[in-house]
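K.L.:
Just passing along the structure, written as structure tokens.
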Amino acid sequence: MSPMSRRRITIAILALGGQGGGVLAGWILAVGASEGYRAQGTSVPGVAQRTGTTIYYIEMVPDDGDIEPALALTPVPGDVDIVIASELMEAGRAILRGFVTADRTILIGSTHRIYAISEKSALGNGIADSGLIIEQARRHARIFLGFDMEEAAARSHSVISSVMLGALAGSGALPFSRHAFETAISASAIAVDSNLRGFSAGFDGTRGAVELPKKTSRDRPAATSVMGRSLEARVLAQLPAPAQSLALHGVNRLMDYQDAAYASLYLTRLHRVVMVDRGDDEYALTSATARHLALWMSYEDVIRVADLKTRADRMARVRDEIQVDQDQLVAITEFMHPRLREVCEALPAAIGRRVLGSKSLTRLLAPLFRSGRFVQSTSLCWFVALSLLAALRRWRRGTMRYHEEQQRVEAWLALVIEVAGTDQGAALELVKCQQLIKGYGDIFDRSLRSFTALTAAYQRVRGHADAAAFIGRARQAALQDEDGNALAIMLRELA
């Protein structure tokens, strides 16, 4: 049933804190009132800013002089004409709650993602399948209009609430003219020019709906230096085609992380794997190694952290995300907690080992790094300190952490190459185990323990027909919790 075919119109808006859902609801109420409708709006707030969804509910009926209508305070499953979702998973939640029905509901939703805490904190790839939500939206809604409204807001230098209003107007779901919506924006006297730009972008965006979420591109990065072109030529000459794109991204990452010589070492190591890859499943072993080797070689140490925190593009990204004017000052406060070990890892190897190997020095220095601290990285003092720490990159090869990581990488590669001679499937699973290695500090220590336990367990099943399957199951178990409890249970059962 179309909203225009019955007197009462029901609208549910699902928006995260800070996205202007209340402003959007106010605009819709204003449009309804100006067009001769009696309209009522309510809201059920989420838990907190940026962590909970607020549901704004609107009911409106024509004001024809009859007695005051009785309007509901919350949406009722199966009785919602229009659902507006500010993010793709919010559209999915609306479907789960029963607000979207095939005989009635027009679903208007943004296809961009704001990842949930559970997705961000997952040890592996915890990102939910956006394509599944698109499929369900098409199946459950009478009409689904979706496009990337966040991108449209950024492109028009506006906010997503005005884009959502434009999408509602462009959908034709309400019996109101475009002029009526634009008048409501102007009457609000809130950032009128930018909101009208966002409205226009949203109105036009409905013509291109539905867009699928953009997938990560694997286009080859372009070489911009003589050394970069030399390494690119080496990739194209030495590696099979299916692995070339990932390898070029790896080269680009490691040149940014360290230098061209380090990227060259990466290709030397990768070529050793190519020599034992039989080409199964389009050189899956080489492709996986190209990815995971680059990730391991660009391990996170205090030098890397300082480098990333002081980059100009980081400040530009922050300013863009919080949408401040060029003349506004922005201060960034960070929580930092380097332990004594992380500090020693940035020292020359001999000095770092001596400090950590001395009980008296450890007892003396450890209390200085026992507690974390909040620092304003944009202040002159801390920015200079972090910049000096980032400048240690040129001496990274002499640090204790560099020596340790190169030994670990070489041991892992040697195991993969040895196993590949008899069991390519198990070798591939051992390569994928690198995804357990991540972070720094306590997180790195826990992930390294899980990786070490898993590779040690492989030696007990080595040569068995299901060795590869066992490693795959164990890897998934290790990714279930950061403390490695699920993996420990699995390994006890193996013992």
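The values are calculated or read from the model by the stated rules, or taken from the named source; none is laboratory data. What you see is a predicted model, and the numbers here were worked out from it, not measured in a lab. Cβ coordinates were reconstructed from backbone atoms using ideal geometry, including for glycine residues, and neighbour counts include every protein chain displayed.
K.L.:
E418 - would you say it is at pLDDT 90 or above, surrounded by 15 or more Cβ atoms within 10 Å (Cβ to Cβ) and either part of a strand (DSSP E or B) or in the same structural domain as R462 (by TED's automatic domain parsing) (or both)?
P.N.:
Here the answer is no, as E418 does not meet what is asked.
K.L.:
If you go through the range 81-92 one residue at a time, do you hit one that is under 22 Å from E59 (Cβ atoms), surrounded by fewer than 22 Cβ atoms within 10 Å (Cβ to Cβ) and outside the structural domain of K432 (by TED's automatic domain parsing)? I'd like the intermediate steps shown before the answer.
P.N.:
Step one: of the range 81-92, the residues under 22 Å from E59 (Cβ atoms) are 81-86, 90-91.
If we keep only those that are surrounded by fewer than 22 Cβ atoms within 10 Å (Cβ to Cβ) as well, we get none.
No, every residue in the range 81-92 fails to be under 22 Å from E59 (Cβ atoms), surrounded by fewer than 22 Cβ atoms within 10 Å (Cβ to Cβ) and outside the structural domain of K432 (by TED's automatic domain parsing).
K.L.:
Sort through T333, T286 and tell me the only one that's more than 19 Å from the chain's Cα centre (by Cα), at pLDDT 90 or above, surrounded by fewer than 18 Cβ atoms within 10 Å (Cβ to Cβ) and among the β-branched types (V, I, T).
P.N.:
Every option except T333 fails the conditions.
K.L.:
Residue check, R278 against (1) of a type in the set (K, R); (2) in a helix (DSSP H, G or I); (3) more than 17 Å from A247 (Cα to Cα), all met but one. Which one?
P.N.:
Single failed check for R278: (2).
K.L.:
A follow-up question, please. Could you please tell me which pairs satisfy a Cβ distance under 7 Å, a separation of 6+ or placement on different chains, a first residue in the range 385-412 that is touching a residue at least 60 places away in the same chain (Cβ under 8 Å) and farther than 18 Å from I351 by Cβ, and a second residue that is small (G, A, S) and assigned to a helix (DSSP H, G or I)?
P.N.:
So the pair list comes out as L386/A306; A390/A306.
K.L.:
Sticking with this one: So which of T10, T74, T53, T42 is of a type in the set (S, T, Y) and loosely packed, with under 14 Cβ neighbours inside 10 Å?
P.N.:
T74
K.L.:
Moving on. Mind listing whichever residues of the range 477-495 are loosely packed, with under 14 Cβ neighbours inside 10 Å and either over 20 Å from D423 (Cβ atoms) or under 26 Å from the mean Cα position of the chain (by Cα) (or both)?
P.N.:
Within the range 477-495, D483, N485, I489, R492, E493, A495 meet the criteria.
K.L.:
Next question, about the same structure. Mind listing whichever residues of the range 71-110 are modelled with pLDDT under 90 and closer than 15 Å to Y37 by Cβ?
P.N.:
L71
K.L.:
From D327, D313, grab the single residue that is without any contact (Cβ under 8 Å) to a residue 24 or more places away in the chain, under 29 Å from the mean Cα position of the chain (by Cα) and loosely packed, with under 12 Cβ neighbours inside 10 Å.
P.N.:
Values: D327 fails: under 29 Å from the mean Cα position of the chain (by Cα).
Residue meeting the stated conditions: D313.
K.L.:
So, of the residues in the range 421-449 that are part of a helix (DSSP H, G or I) and aliphatic (A, V, I, L, M), which turns out to be surrounded by the fewest Cβ atoms within 10 Å (Cβ to Cβ)? I'd like the intermediate steps shown before the answer.
P.N.:
Going through the range 421-449, the residues part of a helix (DSSP H, G or I) turn out to be 424-436, 442-449.
Subsequent filtering for residues that are aliphatic (A, V, I, L, M) retains 426-428, 430-431, 436, 443, 448.
On the way: A426: 25, A427: 26, L428: 24, L430: 28, V431: 26, L436: 24, I443: 13, L448: 15.
Result: I443.
K.L.:
So, one more: Any chance the range 130-141 includes a residue that's of a type in the set (D, E), in the same structural domain as E35 (by TED's automatic domain parsing) and surrounded by fewer than 16 Cβ atoms within 10 Å (Cβ to Cβ)?
P.N.:
Within the range 130-141 (the criterion being of a type in the set (D, E), in the same structural domain as E35 (by TED's automatic domain parsing) and surrounded by fewer than 16 Cβ atoms within 10 Å (Cβ to Cβ)), the answer is yes, since at least one residue qualifies.
K.L.:
Return the residues of the range 260-283 that are in contact (Cβ under 8 Å) with a residue 60 or more places away in the chain and either more than 19 Å from D423 (Cα to Cα) or crowded, with 19+ Cβ neighbours inside 10 Å (or both); say none if nothing qualifies.
P.N.:
Correct list: R269, V273, D277.
K.L.:
Follow-up question, since we're still on this one. Give the residues of the range 325-366 that are closer than 27 Å to L308 by Cα and hydroxyl-bearing (S, T, Y), sorted by residue number.
P.N.:
If the condition is that a residue be closer than 27 Å to L308 by Cα and hydroxyl-bearing (S, T, Y), then T333 is the only one that fits.
K.L.:
Can V226 be described as among the hydrophobic types (A, V, I, L, M, F, W, C) and either in contact with a Lys or Arg (Cβ under 6 Å, 6 or more places away or on another chain) or farther than 22 Å from R396 by Cβ (or both)?
P.N.:
Yes.
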